[in-house]
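The structure appears right after this line, and notes come after that.
Coordinate-derived values only; no laboratory data. For clarity, every value in this text was computed on a predicted model and none was experimentally measured. All Cβ positions, even for glycine, are placed from backbone atoms using ideal geometry, and neighbour counts span all protein chains on display.
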Amino acid sequence: MATELLRVEDLQVEFVTRDGVARAVNSVSFSVAPGETVAVLGESGSGKSVTAQAIMGILDTPPARIAGGSIQLLGRELVGLPEDQYRTIRGEQIAMIFQDALSALNPVTAVGKQIAEMFRIHRDASKKDAKDHAIQVMTQVGIPAAASRYDSYPHEFSGGMRQRAMIAMMIALKPQVLIADEPTTALDVTIQAQIIELLQQLQSETDMGLILITHDLGVVAEVADHITVMYAGRTMEEGPVDEIYRSTAHPYTRGLLQSIPTIHSAEGRLPAIPGLPPSLFALPEGCAFHPRCPISQDQCRQGAAPDLVEVADRHRSRCWYAEEVMCSDNLR
Amino acid sequence: MSDLQVEAQSAQAAGPESRTVAADAWYQLRRNWVFWVSIVLIVGISAIVLFPGLFASEDATTSLTGGCQLEDSLEGPGDKFLLGADQQGCDVYSLSIYSARTSVTVGLLTAIGTTLIGSLLGLLAGFYGGKSDSILSGVTSVFLGLPFVLGAVVLLSSIDLPGVWGVVLALTLLSWATAFRLVRAKTMEAKGQDYTLAARALGAKDLRIMFRHILPNAIGPSIVVAVISLGVFIGAEATLSYLGLGIQPPDTSWGVMISEAQNAFFTAPWVLMVPAGFLTVTVLAFILLGETVSDALDPKLRK
């Protein structure tokens, strides 16, 4: 594999609030190579979006702060980078697609103008050039009759078109790394497939690295090369996508996989992971997942959390019983 | 109906290439009869403000030129005085026409001043939050806490700025806090929205985010309030003039006329009704204009 575009190492993000310090991201590491798709999986509140915002440098500080670790883009350290330098990187080298395009597009500015703004900010383009570029990008992401849609407002677009416009805005300057924060969650199923297809197509054209933040395992299986599963701010399991689907090494990942319906699953209730993710202010002792874990033992309930250990080539799991989970009959 | 359809079609045919916010708003506005009513009224008022001589004779407003004879005091509407005469025997209609300039000027300048100051400070406070917000909000609370009349009395008697400018300054200083609060609240709301975050993720600078992305989303309510409070400012000027601090005779304004008319209201209601009528129609015209324009400028409310 080619050199790394982005490397996140031991990233720690804390929220300092009245109720105490919440560690939303706790020593998370992963890297993205050109053309590679890394999926970050997890339930709501597991720290996925905070990780994305930390990489973009758009965390709300305070209350948030990066407590440790490093984020390197093409070998350049981003943690602690002055705001004016960070600004030139955003949009230019690294961009982020938001979950809900309707709220991420300015409601009172024409869509085309918002895309053209990218060229105005970063390229000092003239108004006319910026417009031409914007229409070109809009066509590239499959917005039909882009020239006539240039002056339309976000609410005049359909959901899928809005997400396309959002993507157009973010890929306008051909960033090397694109973060997609649940890009399909707000869309209906047929549109989801189109958007994912579009992302893949753009990726193959520009060879950019894609960080896909999602809880949609179907999407992940289809497009991801590498998976990082997060729970309560920690990486629970990571590895190549086939590895993880074929021989899951963590009960949490397994729970996630079992909770999607398949054509083979018998009738009856779909298995779900019982309980809710823990509050970040009161993490359980031992392994953070133990209260919801079907196989938890005494060892899981006390002492330190298990380490992230390698269970196969590039496949690591944070579970005392990783081997057992792997060997037990995986449903898929 | 068919006219409308033809118009709509031709606008659509010409539409895609040339659509701008202003063009869209204009397309929306020109089909709205309320807009045209307000325009007719405002054109009329502007004509009165700019060329009062076209509508009445200045001679009738002062005793120096033969108007205002005490023998005509409180004369009712009729042949001699179209809309009656006041206590001094002046023609109420002519006086009202010649008062328009002062009243409208005070109202407009104060509305513009409060909106500018309040919005700008509100935008800064809402966007940066923290210390600058605390300080600005504290200052605002002081201004909000000042009793209006007392504050104006102190201000106007301590500064040496007579006439319209003094009144505008006093009213602006005491009233910008409303716009500040509105814009600050809307800014904080917009700041938390994804599109602000997205603008940052795209590498936009603070100034660009503030004026391009947040202000257009935050200014709406304060413009509507400005238009509505235009009438309030015209009335407030009357209060100050009544206390002998605002516009002083021989200058006159609707406020001065209204405050002078109250003693004779039961015997000669026209003395109060005529300037009050002018005031009401003016305020109404600006409110109608403000509402139709703000609706037309907001793409979300467009039909």
Using a Gaussian network for chain B with springs between C-alpha atoms less than 10 Å apart, which of these wobbles most: B:L173, B:L202, B:L108?
B:L202
With 23 Å as the limit, write out which pairs from A:K48/A:K131; A:K128/A:K174; A:K113/B:K205; A:K174/B:K186 have Cα-Cα distances beyond it, or answer none.
A:K48/A:K131; A:K174/B:K186
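Go ahead and estimate [θ] at 222 nm for chain A from helices alone: -39,500 (n - 2.57) per DSSP H run with n ≥ 4, summed, over the residue count, rounded to 500.
On the way: 13 runs with 113 residues, N = 332.
Taking each H run of at least 4 residues, the total per residue is -9500 deg cm²/dmol.
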Label zone at B:Q262 (point 7 Å along Cα-to-Cβ), backbone N below 12 Å, the stretch B:159-176
none
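Tell me whether the protein assembly as shown comes out rounded, prolate or oblate; compute the Cα gyration tensor, take square roots of the eigenvalues as a ≥ b ≥ c, and use a/c under 1.5 as the rounded threshold.
prolate
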Spin-label pair B:L243/A:T185, simplified geometry with 7 Å Cα→Cβ offset, distance in nm:
5.6 nm
Between the alpha-carbon centers of the stretch A:61-104 and the stretch B:196-238, tell me the distance in whole angstrom.
28 Å
Where a ≥ b ≥ c are root eigenvalues of the Cα gyration tensor, a/c under 1.5 meaning rounded, otherwise prolate if a/b exceeds b/c and oblate otherwise, chain B counts as oblate
Once both labels are modelled 7 Å past Cα along the beta-carbon direction, what's the B:Q87-A:E285 spacing in nm?
8.8 nm
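Return the inverse of the average 1/r over all pairs of distinct C-alpha atoms in chain A, which is the Kirkwood hydrodynamic radius, in Å to one decimal.
Values: mean 1/r = 0.0477 Å⁻¹.
Result for chain A, one decimal place: 20.9 Å.
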